[in-house]
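Colleague: Structure provided below as structure tokens; questions to follow.
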Amino acid sequence: MNALDELKAKYLGGIAQAGDEAALEELRLAALGKKGEISLKMRELGQMSAEERQTTGAALNVLKSEIDAALRAKKAALADAALDARLAAEWLDVTLPGRPRPAGTIHPVSQVMDEVTAIFADMGFDVAEGPQIESDWYNFDALNIPPEHPARQEFDTFFMARDPADPRPPHVLRTHTSPVQIRAMEAKGAPIRVIAPGRVYRMDMDQTHAPMFHQVEGMAIGRDISMANLKWTLEEFCKAFFEVPNVELRFRASHFPFTEPSAEVDIRCSWEGGQLKIGEGDSWLEILGSGMMQPKVLAAGGIDPNEWQGFAFGMGIDRIAMLKYGIPDLRAFFESDLRWLKHYGFAPLDLPTVFGGLSK
Ligand code: 2NL
């Protein structure tokens, strides 16, 4: 074996064995670098005879390109191997199902409020909102609630603190959303169709009462709005809300200071097997209070009762939400009744995975 064949064997063998780029670079410098073995051999050509120089020179050039090609091929092979190793290590199954993330849901009371609002919006009612802390005038006087009325007692209404030196009556947490309707009358005048959904407060707390609950009141004022319009409006509302083709309503004479005449409204129903069915059966379920706007209340809202008249009604949202969705009692709202939450697809015992699996 001549010297060039030895060099060739040495370098091609070394390149084949090289395990990484650094080893390859070392071999490249040893062979082809300025002081590399091939370069030194090139320099020796000067001392050779013309004939020898030609054959050795050509052979050196061939060897040089062979080594160069081997280096490049090995470098590419190492890069491929590195990529394969990474692909194997970082393997990802994109066909795996996602991890479930329990989603929050809208609160049932909010949902029912939205439903009620949408139904009345379809019948041309605007939505009005107002303050939850009201003046004594908007909450009581404007509604023809006399000073001696029980609602005005300390036991029934939450009164705000007032400097004892201040002679004005204290503000209250509104006990109904009627004040919002008085404000709407003042702001827009007649004719008007409006509903007022929102939170109300009464000093009451037992199995069927909470100190804060939700109400929707509504009113329609025009030149000749009558109780017939009230009845039709409430029937349409009940059909849409309870999602039944027919309903039957019963108006029972009643009394509210702000309406005259006044009626409590019951809906025909049955309770077969503990299941409430609206629209058929031998039972009646009270769903709301209503009546014709008392003339003094119209006047308090700045509307002339000699020119205008209208109906008004009020219902408890929490109660009709419980009826519609079959919730047995109020504690569902306070103690997160599992049936109630499950009905809405909310699993209360699963901790959200975003908290890093604290439950495990
Ligand atoms: C009930 C009864 C009712 C009204 C609310 C009302 C409002 C104005 C004028 C006249 Cl500004 N009336 N609201 C009328 C009748 C009944 O609520 O039992 N609610 C839960």
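The values are calculated or read from the model by the stated rules, or taken from the named source; none is laboratory data. Everything numeric here is computed off the predicted structure, so don't read it as measured data. Ideal geometry is used to build each Cβ from the backbone, glycine not excepted, and the neighbour counts take in all protein chains shown. Quick note on the areas: whole protein, heavy atoms, side chains included, nothing else; ligands and nucleic acids left out. Shrake-Rupley method; radii C 1.70, N 1.55, O 1.52, S 1.80 Å.
Colleague: For the structure I just gave you, tell me whether ARG319 is closer than 22 Å to ALA128 by Cα and near the ligand (Cβ under 10 Å from one of its atoms). Break it down stepwise before answering.
Modeller: On the way: closer than 22 Å to ALA128 by Cα: yes; near the ligand (Cβ under 10 Å from one of its atoms): yes.
Spelling it out, ARG319 is indeed closer than 22 Å to ALA128 by Cα and near the ligand (Cβ under 10 Å from one of its atoms).
Colleague: Count, please, the residues in the stretch 250-278 that happen to be touching a Cys at 6+ places or on another chain (Cβ under 7 Å), part of a strand (DSSP E or B) and either open to solvent by less than 40 Å² (accessible area, probe 1.4 Å) or of a type in the set (A, V, I, L, M) (or both).
Modeller: Step one: list which residues in the stretch 250-278 are touching a Cys at 6+ places or on another chain (Cβ under 7 Å), which gives 267, 276-278.
Going one step further and asking which of them are part of a strand (DSSP E or B), we end up with 267, 277-278.
Going one step further and asking which of them are either open to solvent by less than 40 Å² (accessible area, probe 1.4 Å) or of a type in the set (A, V, I, L, M) (or both), we end up with 267, 278.
Within the stretch 250-278, residues that are touching a Cys at 6+ places or on another chain (Cβ under 7 Å), part of a strand (DSSP E or B) and either open to solvent by less than 40 Å² (accessible area, probe 1.4 Å) or of a type in the set (A, V, I, L, M) (or both) number 2.
Colleague: Which residue pairs have Cβ atoms under 8 Å apart, sit 6 or more places apart or on different chains, and have a first residue in the stretch 120-140 that is open to solvent by 50 Å² or more (accessible area, probe 1.4 Å) and a second that is outside any loop (DSSP other than H, G, I, E, B) and among the basic types (Lys, Arg)?
Modeller: Cβ pairs passing all conditions: ASP126/ARG193; GLN132/ARG199.
Colleague: Could you please let me know if THR157 is within 13 Å of the ligand (Cβ to nearest atom) and not in a helix (DSSP H, G or I)? Before the answer, list the steps.
Modeller: Details: within 13 Å of the ligand (Cβ to nearest atom): no; not in a helix (DSSP H, G or I): yes.
Considered against the rule, which asks whether it is within 13 Å of the ligand (Cβ to nearest atom) and not in a helix (DSSP H, G or I), THR157 comes out as no.
Colleague: Moving on. Take the residues of the stretch 285-307 that are assigned to a helix (DSSP H, G or I) and without any contact (Cβ under 8 Å) to a residue 40 or more places away in the chain: which is farthest from VAL265 (Cα to Cα)? Spell out the reasoning first.
Modeller: If we filter the stretch 285-307 for residues that are assigned to a helix (DSSP H, G or I), which is where we start, we get 295-300.
Going one step further and asking which of them are without any contact (Cβ under 8 Å) to a residue 40 or more places away in the chain, we end up with 295, 299.
Details: PRO295: 22, ALA299: 26 Å.
Taking the candidates together, the pick is ALA299.
Colleague: Sticking with this structure for a sec: Which residue out of ALA220, ALA210, ALA253, ALA240 is over 19 Å from GLY291 (Cα atoms) and within 14 Å of the ligand (Cβ to nearest atom)? Please lay out each step first, then the result.
Modeller: Numbers: ALA220 fails: over 19 Å from GLY291 (Cα atoms); ALA253 fails: over 19 Å from GLY291 (Cα atoms); ALA240 fails: within 14 Å of the ligand (Cβ to nearest atom).
Only one candidate qualifies: ALA210.
Colleague: Same structure again: Could you tell me whether the stretch 97-112 includes any residue that is open to solvent by less than 40 Å² (accessible area, probe 1.4 Å), modelled with pLDDT of 90 or more and over 55 Å from the mean Cα position of the chain (by Cα)? Lay out the reasoning, then the answer.
Modeller: The first filter runs over the stretch 97-112 and keeps only residues open to solvent by less than 40 Å² (accessible area, probe 1.4 Å), leaving 108-109, 112.
Applying the additional criterion that residues be modelled with pLDDT of 90 or more yields 112.
Okay, now just the ones that are also over 55 Å from the mean Cα position of the chain (by Cα), so none.
The answer is no; no qualifying residue exists.
Colleague: Scan the stretch 188-201 and give yes if some residue there is at pLDDT 95 or above, in a helix (DSSP H, G or I), assigned by the TED database to the domain that holds GLU260 and within 16 Å of the ligand (Cβ to nearest atom), otherwise no.
Modeller: Taking the stretch 188-201 as the starting set, the residues that turn out to be at pLDDT 95 or above are 188-201.
This time we only want the ones that are in a helix (DSSP H, G or I), so: 188.
Now drop any that are not assigned by the TED database to the domain that holds GLU260, which leaves 188.
With within 16 Å of the ligand (Cβ to nearest atom) added as a condition, the list becomes 188.
Checked against the condition, which is being at pLDDT 95 or above, in a helix (DSSP H, G or I), assigned by the TED database to the domain that holds GLU260 and within 16 Å of the ligand (Cβ to nearest atom), the stretch 188-201 yields at least one hit.
Colleague: Still on this structure, please answer the following. Could you figure out which of (1) open to solvent by less than 60 Å² (accessible area, probe 1.4 Å); (2) charged (D, E, K, R); (3) touching a residue at least 12 places away in the same chain (Cβ under 8 Å) isn't true of ASP166?
Modeller: Just one mismatch for ASP166, condition (3).
Colleague: Another question, if that's okay. Which condition number does ALA161 fail, the rest of (1) free of Cβ contacts under 8 Å to residues at least 40 places away in the same chain; (2) of a type outside the set (Val, Ile, Thr); (3) outside the structural domain of PRO295 (by the TED database) being met?
Modeller: (3)
Colleague: Right, something else. So, HIS176, is that one more than 17 Å from GLY314 (Cα to Cα), assigned by the TED database to the domain that holds ALA321 and not aromatic (Phe, Trp, Tyr) or not?
Modeller: Numbers: more than 17 Å from GLY314 (Cα to Cα): no; assigned by the TED database to the domain that holds ALA321: yes; not aromatic (Phe, Trp, Tyr): yes.
In short, no.
Colleague: Something else: Counting just the residues of the stretch 262-294 that are within 11 Å of the ligand (Cβ to nearest atom) and of a type outside the set (A, V, I, L, M), which one comes out modelled with the lowest pLDDT? Give the derivation first.
Modeller: Start the filter on the stretch 262-294 by keeping residues that are within 11 Å of the ligand (Cβ to nearest atom), which leaves 262-265, 286-294.
Pick out the ones that are also of a type outside the set (A, V, I, L, M) and you get 262, 264, 286, 289-291, 294.
Details: SER262: 98, GLU264: 98, GLU286: 94, GLY289: 98, SER290: 98, GLY291: 98, GLN294: 98.
Top of the filtered list is GLU286.
Colleague: Return yes when PRO167 is assigned to a helix (DSSP H, G or I) and either assigned by the TED database to the domain that holds ASP224 or within 15 Å of the ligand (Cβ to nearest atom) (or both) and no when it is not.
Modeller: Details: assigned to a helix (DSSP H, G or I): no; either assigned by the TED database to the domain that holds ASP224 or within 15 Å of the ligand (Cβ to nearest atom) (or both): yes.
It is false that PRO167 is assigned to a helix (DSSP H, G or I) and either assigned by the TED database to the domain that holds ASP224 or within 15 Å of the ligand (Cβ to nearest atom) (or both).
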